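Here is the structure we will look at, set down as structure tokens.
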Amino acid sequence: MGSWAGAELSALTPLRALWLTLAAVFLLTLLLQLVPPGLLPSCALFQDLIRYGKTKHSGPPRPAACRAFDVPKRYFSHFYILSVLWNGFLLWRLTQAVFLGAPFPSWLHGLLRILGAAQFQGGELALSAFLVLVFLWLHSLRRLFECFYVSVFSNAVIHVVQYCFGLTYYVLVGLTVLSQVPMDGRDGVVIHCNHRIPFGDWFEYVSSPNYLAELMIYISMAVTFGFYNLTWWLVVTYVFFSQALSAYFSHKFYKSKFVSYPKHRRAFLPFLF
């Protein structure tokens, strides 16, 4: 295992470098938020870029210039529309490759090589990538359904940079799955938009079980790939820190809004954080 780990770490592909950088950036951002107020200067633009939805209102005052770049949080649905279409296309191409032996289009093959696609043999990875891409597509389809028929977005906003990042993320995550393949040579009625303290199930342990569930979904994908797939574990690491940051902000929001908020409840990880 030691030789494998050394070989994996020595092959720092563009995709691995990207996910490692994103994980490090979100880890640093999370650590900066844990620093006691007053020790570091506050940057309104930085806070505006890392907060979205309800957590923007609990942050520092927003300059008028920042509001010019707001887009509705309901645009989250665009992420999943893109993911269903793009990752559905990748799934279709991978299905043809795995079960019919059809090659990838030349542009896709070239793009995967630039990103650092797997250059070793191993047919079992192709099947694993197929299963992970199926899970990712179904996950995106479920989230799209929730955006249309379950979620209540009210007048919450996100920064246009966050919007562009979300679109790019779902393109990259599908390509990351595909890069693991070895290469040859609403019906409900909205009652109100107020926030209330949720209880029951996972809410008894964490403030944002949706973020915890998101992490578990990506971990399950990593297990499907195998415990030794460094590239996907870097994706999981990024997801961990990005979801932890969002959960931290939500937790602070609930604690500031509700005096009776359960003190035993954690932000992201039960009993820990």
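The numbers here are math on the coordinates, done by the rules we state, and not lab data. On a predicted model such as this, the values are computed, not experimentally measured, just so you know. Note: ideal-geometry Cβ built from the backbone for every residue, glycine included; neighbour counts use all protein chains shown.
Across 10 Å bins from 0, what is the distribution of all Cα-Cα pair distances for region 206-266, in whole percents?
The distribution over region 206-266 is 23, 40, 23, 12, 2, given as percents.
Report the local net charge at Gln47: Lys and Arg +1, Asp and Glu -1, summed over other residues whose C-beta lies under 13 Å from its C-beta. Could the numbers behind the result be given before it?
Working: positive: Arg51, Lys56, Arg62, Lys252; negative: Asp48.
My count for the surroundings of Gln47 gives +3.
Please compute the Cα-Cα pair-distance distribution of the chain with 5 Å bins starting at 0, giving whole percents from short to long.
Pair shares across the bins are 1, 5, 10, 15, 17, 16, 13, 10, 7, 4, 2, 0, 0.
Run down the lysines and flag those whose C-alpha is under 27 Å from the C-alpha of Lys263, throwing out any fewer than 8 positions away in its chain.
Partners within reach: Lys54, Lys56, Lys252, Lys255.
Note the full-extension length gain between Leu39 and Phe148 as 0.36 nm times their separation in residues minus their Cα-Cα distance, in nm to one decimal.
On the way: separation 109, 0.36 × 109 = 39.24 nm, distance 4.24 nm.
35.0 nm is the gain from fully extending Leu39 to Phe148.
Where nothing but the Cβ of Lys and Arg (+1) and of Asp and Glu (-1) is charged, how large is the charge dipole of the chain around its Cα centre, in debye to the nearest 20? Mind dumping the intermediate values first?
Details: 20 positive and 10 negative charges, 213 e Å.
About 1020 debye.
With θ taken as phi - 60° and the coefficients 6.51, -1.76 and 1.60, list the Karplus ³J(HN,Hα) couplings across region 161-167 in order, rounded to whole Hz; mark glycine and proline as x.
Values per residue, Gly and Pro as x: 5, 5, 4, 5, 4, x, 5 Hz.
On the Cα set of region 143-255, report Rg and Dmax in Å, please.
Final numbers for Rg and Dmax: 17.1, 58 Å.
Quote to one decimal, in nm, the extra length available between Asn155 and Ile114 on full extension: 0.36 nm per residue of separation minus the C-alpha distance between them. Show your work: numbers first, answer last.
Values: separation 41, 0.36 × 41 = 14.76 nm, distance 4.06 nm.
Fully extending the segment from Asn155 to Ile114 adds 10.7 nm.
Suppose we take every Cα in region 11-159 and form the convex hull; what volume per residue is that in Å³? Write out the running numbers ahead of the final one.
Details: hull volume 24.5 nm³, N = 149.
So the per-residue hull volume is 165 Å³.
Where the centroid of each part is defined by its Cα atoms, how far is region 241-266 from region 125-141 in Å?
With region 241-266 and region 125-141 each reduced to a Cα centre, they are spaced 32 Å.
By average Cβ neighbour count within 10 Å, what is the ranking of 215-223, 174-182, 92-100, 76-84 from highest down? Mind showing how you got there, number by number?
Working: 215-223: 17.3, 174-182: 22.4, 92-100: 14.4, 76-84: 19.6.
Descending mean neighbour count gives 174-182, 76-84, 215-223, 92-100.
Hey, can you grab everything whose amide H is under 5 Å from the amide H of Val206? Only 5+ residues off in sequence or another chain; H modelled, so Pro and N-termini drop out.
Arg266
What residues qualify as long-range amide H neighbours of Val157, i.e. H under 5 Å apart, gap of 5 or more or another chain, H built at 1.01 Å from N?
Gly53, Lys73
As a footprinting exposure proxy, order Asp70, Asp201, Asp48 by other Cβ within 10 Å, with the fewest listed first.
Details: Asp70 17, Asp201 8, Asp48 23.
By the 10 Å Cβ count, ascending, the order reads Asp201, Asp70, Asp48.
So between Leu28 and Val171, what do we pick up on full extension, going 0.36 nm a residue minus the alpha carbon distance? Write down the numbers at each step before the final one.
Details: separation 143, 0.36 × 143 = 51.48 nm, distance 2.43 nm.
Contour length minus Cα-Cα distance gives 49.0 nm.
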